[in-house]
1. Compute, for region 13-106, the length of the dipole vector about the Cα centre, with Cβ point charges of +1 (Lys, Arg) and -1 (Asp, Glu) only. Units Debye, rounded to 20.
2. Less than 13 Å Cβ to Cβ from residue 54, Lys/Arg counted +1 and Asp/Glu -1: what total charge do the surrounding residues give?
3. Go through region 237-244 residue by residue and turn each phi into a ³J(HN,Hα) via Karplus (6.51, -1.76, 1.60, θ = phi - 60°); whole Hz please, and just put x for glycine and proline.
4. Amide H of residue 149: which non-local residues (sequence gap of 5 or more, or other chain) have their own amide H closer than 5 Å, using H built in the peptide plane?
5. Using per-residue counts of other Cβ atoms within 10 Å, averaged over each peptide, order 274-283, 403-412, 10-19 from highest down.
6. With θ set to phi - 60°, apply the Karplus curve 6.51 cos²θ - 1.76 cosθ + 1.60 along region 21-33 and write out the HN-Hα couplings as whole Hz, x wherever there is a Gly or Pro.
7. From Cα pairs below 8 angstrom and at least 6 apart in sequence, can you work out the relative contact order of region 20-429, rounded to a whole percent?
8. Can you work out the FRET efficiency for the pair residue 190 and residue 312, with r the C-beta to C-beta distance and R0 = 35 Å, to the nearest 0.05?
Amino acid sequence: MGPAVDTVSSDTKLPERTTVVVIGGGIVGASTALFLARKGVPVVLCEKGHIAGEQSSRNWGWIINCGRDDREIPISLLSGRLWREMSELVEAEIGYRATGIARLYDTDEPISRAQAWCKRAQPMGSDARVLNSAEINSLFPGASHPFRGALYSPTDAVAEPQKATSAIANAARRFGAIVLTNCAVRSLDLTGGRISGVITERGRIQCDTVVLAAGAWSRLFCDALGVKLAQLTVQASVMRTGPVAGAPLPAGVTDRFSFRRRLDGGYTIGDPFHTIAPITPASFRLLPDFAEMLRMSWRRLTPSLSRFGTEWRHAKRRSANEPSAYEEVRVNDPDPSKSFLRKAHAQLVERFPAFKSAQILQQWAGLLDVTADSVPVISTVDKIPGLLIGTGFSGHGFTLGPGAGHVLADLAVGENPAVDITPFRVSRFWDGSRPRPEVGF
Ligand SMILES: Cc1cc2nc3c(=O)[nH]c(=O)nc-3n(C[C@H](O)[C@H](O)[C@H](O)COP(=O)(O)OP(=O)(O)OC[C@H]3O[C@@H](n4cnc5c(N)ncnc54)[C@H](O)[C@@H]3O)c2cc1C
């Protein structure tokens, strides 16, 4: 079972008409609804389960600019600014703290890549730098032996995933958005090829614009529309502990374990770089798009056939009058990989002995949506006027969510977004650009 998430009350009445329907109540959809409602635009947020039931409550809670793909740096900096103001805007405790986050290294090769990254990112506004062993020791006391270097930004921050998205959705409601939970959108209603509404499990809502922010479900939705979205999923696990005396306050990320202090004094622990890769029918279809990604990251992926049958069944076309796959699975709740977590915990204890006494309270997993080039899709769709897509956040969506919501709200009302979204156009998957992932840190 996933973590307990702050609740958001659902509106009860399905409106006949609105201006924008947002599909998906994760951080991207909730932020889009918030920024639209603030502009005074009528908006309905439809969520098939509960707000933040999937990735947006299950993540590490890192708001991290350090080491981002160059294409993501501007939207990441925009998002960082919005996060700093978020608790004031939503009038709620979301656990936002600029604790700093360090990517800790034991070898020289990633350190030189980190130095090169800082050179590129600093002119864009990043305050990231590379720390030496002495600086690391003072920020992360108690390590059994020193790290060689770290990529670090003092303004990288954390927030509580079990609070933030719910607070954003609650604020959107206060600004006038209608929020409908347990309300799956089955399909779009098109008139003359243009959006005229959505068909939900409770009936039709007329609208001019739809924002698809359906996380791991977006590809299924796009497939039904004939829009190619090169998006697959990977499964990552974390554990939550009780308070740990003497453990570091800033968050630390390494190749073998990571840790993040929570607002309740406990820690989120795991290994974010080792994930399960479900092999599904779409994996074969999208293999050419994902070949480069696979070449770069196969060592960190454990293949699994556990989702093959379910996704095969979900891919079968259904009419809008029948219950959809979105109703069949209200909340994606995969089993955590306990062996990965045990190993990550043991490696953490070996390096930071203070964690030996940590009491493990809960473990969970989440299904992350990843694109073939590991950067999101934030895009209009030429062949379906009125459709916007905000998805494929590839493990960075908690950081980028507010920025993406801000940009999607601007696009929905025909305003120029605050950042260039050309690298995030969905057409990159078929216009011959052959988008590539960047080497990660
Ligand atoms: C273990 C883990 C750790 C992570 N750590 C970090 C981190 O530290 N920092 C970071 O930046 N990112 C992190 N991420 C990634 C981040 O959580 C995601 O990128 C982000 O939450 C995606 O937000 P989203 O709104 O796009 O999708 P989601 O949160 O998945 O929300 C999509 C929502 O759409 C709903 N939906 C789908 N289809 C329909 C439909 N047809 N009708 C109605 N509703 C529908 C779903 O029920 C779901 O609630 C992590 C992810 C995981 C799993």
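The values are calculated or read from the model by the stated rules, or taken from the named source; none is laboratory data. It should be emphasised that the depicted structure is a prediction, and the values quoted were computed from it without experimental measurement. Positions of Cβ are generated from backbone atoms using ideal geometry, with glycine treated the same way; all protein chains shown enter the neighbour counts. What goes into the accessible areas is simple: the full protein's heavy atoms, side chains included, and nothing from ligands, DNA or RNA. Shrake-Rupley method; radii C 1.70, N 1.55, O 1.52, S 1.80 Å.
1. Details: 12 positive and 11 negative charges, 41 e Å.
Dipole of region 13-106, to the nearest 20 debye: 200 debye.
2. With Lys, Arg at +1 and Asp, Glu at -1, the net is 0.
3. 10, 9, 10, 10, 10, x, x, 10
4. 105
5. 403-412, 274-283, 10-19
6. Residue by residue, region 21-33 yields 10, 9, 9, x, x, x, 5, 6, x, 5, 5, 4, 4 Hz.
7. Working: 917 pairs, mean separation 101.2, N = 410.
Answer for region 20-429 is 25 percent.
8. 0.85
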